[in-house]
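Accompanying notes for the structure given below.
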Amino acid sequence: MKNYLKYKLYNIFSSSLFYISALIFNIFVSGQFFFVQKFFGGSGTTDLHYFFHAVPLISAIMIPLLKLNENFSSFDEIVPLCTTKKIFVSWFSLFIQFAVILFPQFLVPLCVNLFGDVEIGQVFSGFLMLLFYGAISASLCVFFSQICRSQVVSVIISILVLSVLNGINLFSVYAGNIPFFSAIIKIFSFYWHFDAAEKGILDTRDLIYFSTVSAFLVFVSIIFAESKKGKRISGQEKKRIILVFVCAIFLLLDSTRFYARFDFTKGNKYSISRYSKKLAEEASETVEISFFQSKNLSNYYPEARNILDLLKEYSAQKNISVKFYNTDNNENAKKIERYGIYPRQLPVIGENKTEYLNIYSAIILEYKDKTEIIPFILATNTLEYDIDTKLLSLFSEKRRTVNLLCGNGMNFENDYSYVVPWLNSNGIATNTINLSEKLEPQLEKSSVLAIFGSDKISQAQCDEISSYIEKGNSVFFAVSPYNADIENSWYITKPENQNLIKMLKKFGFDFTENLLADISCARILMQSDQNQDGTPSNSIYSQQINYSMWINIMPQKNVPQGITEYWPAEIVESENVEPLFFTSPLAWQIEPDNLSQEKLFENNPFVVKEKKYDNPKATRVGALISKDKKLVLIPDQYLVNSLMLGYTGGETGDYRNLDFLVNQLLKLNGEENLAEIQEHSTLTNKSSLYKTYNAELFKSAKNRTLGCMFIFVPALIILAGILFNLNKIKFLRKISCVSHKIEKADSKNER
């Protein structure tokens, strides 16, 4: 059998069809990910979700065609091997072809890593599951080649069936309300069984599904091959077939009850942490977790099943009980509505109209006489953090509270309108301080104080803040010596009141007179309705500009997503403080023009230019933290200002600064473990191309990617095809010479 396999593979790898297929496959998959999904067009992401989806699209055509490539029926008939070995070699050789063609695509994650961080766990689980996909597709093609008389017909049927299995999940919007069809879709949909792996999770249910069905199809192919030879199936073999079929069914059914999930993502994003397990142990009585979900939700969102899987991990902990309620049952729907939770509407597109389904997906946590609610959830990215904050609230008599103070004359209703709801949604209660009154009576004791801006804070109030710090309380400062007219001219001025700025020196925080700018910066859209001469224009001009005074802090230890700082002031280190994060090495200082008090800095985006460097420079400090971890200074009072976030957020929004604020407040409150979970939850869908923070780096990475995937890989495939065929020609020439000598010898013997 080994020599037979070698012979088949040798002929396959010497065939031009194999290399044409490999060329088309690699160009299609790379093109789909980099061009169709607009990787280079502004919506690029290091998440390989779309890459893994592209492979089955082309494989549905390619794998059946490769089956033709290894079909040497005339030779098969004379090979002295049993049918079982022949069928196995046929399946295995087809699987090897797929694996070899897939191999060059390992370069895609390496190329993407030039732009940002690729999740290694996602790469591992995704490629492993693609091999399982190749195995089941190969077995299906072998099966149809045995039951069809014509190989062309078997190829057509295989293509159609694979295409349906790849895309059957799309029919879930039509069959969502029909339980039987929903169950069929879940069983046969390749997308459904691939969903966890493309996130970085290996689920034994999916592995068992692919391996069991593959083995069963190969087994049935052997039975059909035997019957085609006229061999009758004996009673014993019939029993064996029935036994194998029943075992396969029971194995698939049993895998839904007893299974394991292995989370290979960084920080185990989809598994609960040790902190969560330890937190669950603090319950003196049972915590009842009730999960209410519409049964058909998972037909539209396969990732919704991950919610129940994560809840089951909680249920494995002591004193945690989890119950699932199907809200398609009217009794359960009424029960959840008693908690004030009502369904969300999910659009379902039909043939001639769009309907809206009422969908529930809520979690109720009950402990003693307390109740906490997560009103709607579709994925697990924030679930662990949400549950842990609710558990802490249930176990504690006191809520986590942050004191909020606007020290620049702005307010939290309009100017910082995102702050309060964002903190509340993250389990942090807020206490807004009125600046027109004494601060001390208003401050929630033993709570973190967050201050935004400083020029309206009096000396007496500074003394109160200083006293609050000396009592051991933590403070988050987002302040600067300068103000910007953010609603009009953007002119930057220095207010006379510098009371708080001077007070900060007492704790080791100090500013220079300069602002910072960086080549790593925000890219903003500027629009104008005037011509260059100032006259009104008939149309609106728009231009994308890299604005170096809005610094894009790249992902690093304390800011894993990165953040944006608006006109940050330069700060200096001292013996009592240390850097929290840094700018890029290509940041620089901008000195003030003290002759123009109305406009100390030139900050017009059309005028400010990027500074050119011949040699790399040292990074500059972007924020400071006291060595006792009680005080944090961000040299930007507009860090979470609603207007500024709107400028840089674009159509999709940019909430990194708000997530950073939550994370720092948790750390200042002494909740490092919870802050780590919150950090992981915000990173789940954050996969920015932060490494290419300017046009030159992006262009360089793009050229290297294009050269690798669209020049190097195709050239490598073509070269391999030429070498194999040259080797085949030499081999055939040797055979020809030997046969010619044999003929000469025979002719002499005849004489």
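The values are calculated or read from the model by the stated rules, or taken from the named source; none is laboratory data. Remember, predicted model here, so these are calculated numbers, not experimental data. Note that we place each Cβ from the backbone using ideal geometry, even for glycine, and neighbour counts take in every protein chain shown. What goes into the accessible areas is simple: the full protein's heavy atoms, side chains included, and nothing from ligands, DNA or RNA. Shrake-Rupley method; radii C 1.70, N 1.55, O 1.52, S 1.80 Å.
Here are the numbers for the structure shown:
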read-out: Of all residues making up segment 272-303, the number that are in contact with a helix residue (DSSP H, G or I) (Cβ under 6 Å, 6 or more places away or on another chain), part of a helix (DSSP H, G or I) and either within 20 Å of Lys335 (Cβ to Cβ) or at pLDDT 75 or above (or both); value: 4
read-out: Candidate set from segment 397-439 (those that are of a type in the set (Asp, Glu) and open to solvent by 40 Å² or more (accessible area, probe 1.4 Å)); member that is modelled with the highest pLDDT; value: Glu413
read-out: Within segment 85-122, tally of residues that are under 25 Å from Pro555 (Cα atoms), open to solvent by less than 20 Å² (accessible area, probe 1.4 Å) and part of a helix (DSSP H, G or I); value: 6
read-out: Any hit, segment 378-396, residues being modelled with pLDDT of 95 or more, of a type outside the set (Val, Ile, Thr) and over 32 Å from the mean Cα position of the chain (by Cα); value: no
read-out: Output for segment 468-487, where each listed residue is more than 38 Å from the chain's Cα centre (by Cα), surrounded by fewer than 16 Cβ atoms within 10 Å (Cβ to Cβ) and part of a loop (DSSP other than H, G, I, E, B); value: Lys471, Gly472
read-out: Residue in segment 714-728 that is closer than 30 Å to Ser14 by Cβ and at pLDDT below 70 present; value: yes
read-out: Members of segment 304-323 found to be modelled with pLDDT under 90, within 23 Å of Tyr342 (Cβ to Cβ) and either open to solvent by 40 Å² or more (accessible area, probe 1.4 Å) or in contact with a Leu (Cβ under 7 Å, 6 or more places away or on another chain) (or both), listed by number; value: Ala304, Ile307, Leu308
read-out: Pairs where the first residue, in segment 382-402, is touching a residue at least 60 places away in the same chain (Cβ under 8 Å) and the second is surrounded by fewer than 17 Cβ atoms within 10 Å (Cβ to Cβ) and not in a strand (DSSP E or B), C-beta under 6 Å, 6+ apart; value: Phe395/Glu282
read-out: Top-ranked residue of segment 1-30 - restricted to ones that are polar (S, T, N, Q) and open to solvent by 40 Å² or more (accessible area, probe 1.4 Å), ranked as nearest to Thr692 (Cα to Cα); value: Ser16
read-out: Unique residue being modelled with pLDDT of 90 or more and either within 30 Å of Leu595 (Cα to Cα) or under 36 Å from the mean Cα position of the chain (by Cα) (or both) when the list is Phe511, Phe507; value: Phe511
read-out: Positions within segment 541-570 being in a strand (DSSP E or B) and open to solvent by less than 10 Å² (accessible area, probe 1.4 Å), in sequence order; value: Tyr547, Ser548, Met549, Trp550, Ile551, Ile553, Val559, Ile563, Thr564, Glu565, Tyr566, Ala569
read-out: Filter result for the condition that a residue is in a loop (DSSP other than H, G, I, E, B), at pLDDT below 90, at negative phi and exposed (fewer than 14 other Cβ atoms within 10 Å of the Cβ), over Lys231, Lys269, Lys238; value: Lys231
read-out: Residue that is farthest from Thr692 (Cα to Cα) [pool: residues in segment 31-52 that are open to solvent by less than 60 Å² (accessible area, probe 1.4 Å) and in a helix (DSSP H, G or I)]; value: Phe52
read-out: Selection within segment 324-348 - open to solvent by less than 70 Å² (accessible area, probe 1.4 Å) and among the acidic types (Asp, Glu); value: Glu337
read-out: In segment 642-677, residue farthest from Asn424 (Cα to Cα) [restricted to those that are in contact (Cβ under 8 Å) with a residue 60 or more places away in the chain and of a type in the set (Val, Ile, Thr)]; value: Thr648
read-out: Filter result (in contact (Cβ under 8 Å) with a residue 40 or more places away in the chain, surrounded by fewer than 18 Cβ atoms within 10 Å (Cβ to Cβ) and outside any loop (DSSP other than H, G, I, E, B)) within segment 440-462; value: Gln459
read-out: Selection from segment 494-520 of residues that are open to solvent by less than 50 Å² (accessible area, probe 1.4 Å), outside any loop (DSSP other than H, G, I, E, B) and of a type outside the set (A, V, I, L, M, F, W, C); value: Asn499, Thr512, Asn514, Asp518
